[in-house]
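Single-structure report; data block below.
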Amino acid sequence: MSFLAWYPFALSHGLNPLLNTYVNLPQGSNMMWNASFPLLAVAMWPVTAIFGVVVSYNVALLLALALDGWCTFLWLRRHVQHMTAAWLGGLLMILGPYAATEAAAHILLLLFFPVPLMIIAIETMIQNPQRSSLRWGAVIGLLAARRCSSVRRS
């Protein structure tokens, strides 16, 4: 939750958001070496400012689950005949063991909604090679950059 609070605080006070000098004095802590999520923190800034960091974290968690389920539904809908099967697949994705365990404390690992969108883009590019491959390549690259920015290596 401290990462949700740090980025809005740093940006609103004119501080470097990538260097937190409030911890690990006097050198500070490089926020890019940690599993921080600056895009999510900036997106949740209004909720954090109005309701606080705890509510902001809970809203972000619910939005992550909803986005994961919805994007999985969109991907599965392309491959099944009945919408109910795709709906159950999306529901199983967010109620399965992976989402249940990661929802407890690891919101970064729960934000996997770009993965089904990347699969949709790749499938579309393979099915229609005459369409603009550059456009689909840019979409896949942006989704991959979004996904890779939220996963840190140990």
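Computed from the coordinates by the stated procedures, all read-outs in this text should not be read as laboratory data. All of these numbers come straight from a predicted model, not from anything done at the bench. Reconstructed Cβ throughout: ideal geometry from the backbone, glycine too, with neighbour counts over all protein chains shown.
Taking the criterion of being assigned to a loop (DSSP other than H, G, I, E, B) and either among the polar types (S, T, N, Q) or on the phi < 0 side of the Ramachandran plot (or both), the only residue of segment 38-54 that qualifies is Met44. Is it the case, given these coordinates, that Ala35 is more than 22 Å from Ala121 (Cα to Cα), outside any helix (DSSP H, G or I) and out of contact with any strand residue (DSSP E or B) (no Cβ under 7 Å at 6 or more places or on another chain)? Answer is yes for this residue. Scanning segment 69-77 turns up one or more residues that are charged (D, E, K, R) and not in a loop (DSSP other than H, G, I, E, B).
Annotation: Leu95 fulfils all but one of (1) free of Cβ contacts under 8 Å to residues at least 24 places away in the same chain; (2) within 30 Å of Arg135 (Cα to Cα); the unmet one is (2).
Counting the residues of segment 86-119 that are among the aromatic types (Phe, Trp, Tyr) and either in a helix (DSSP H, G or I) or farther than 24 Å from Val54 by Cα (or both) gives 2.
Taking segment 1-32 as the range and being small (Gly, Ala, Ser), more than 18 Å from the chain's Cα centre (by Cα) and part of a helix (DSSP H, G or I) as the test, the residues that pass are Ala10, Ser12.
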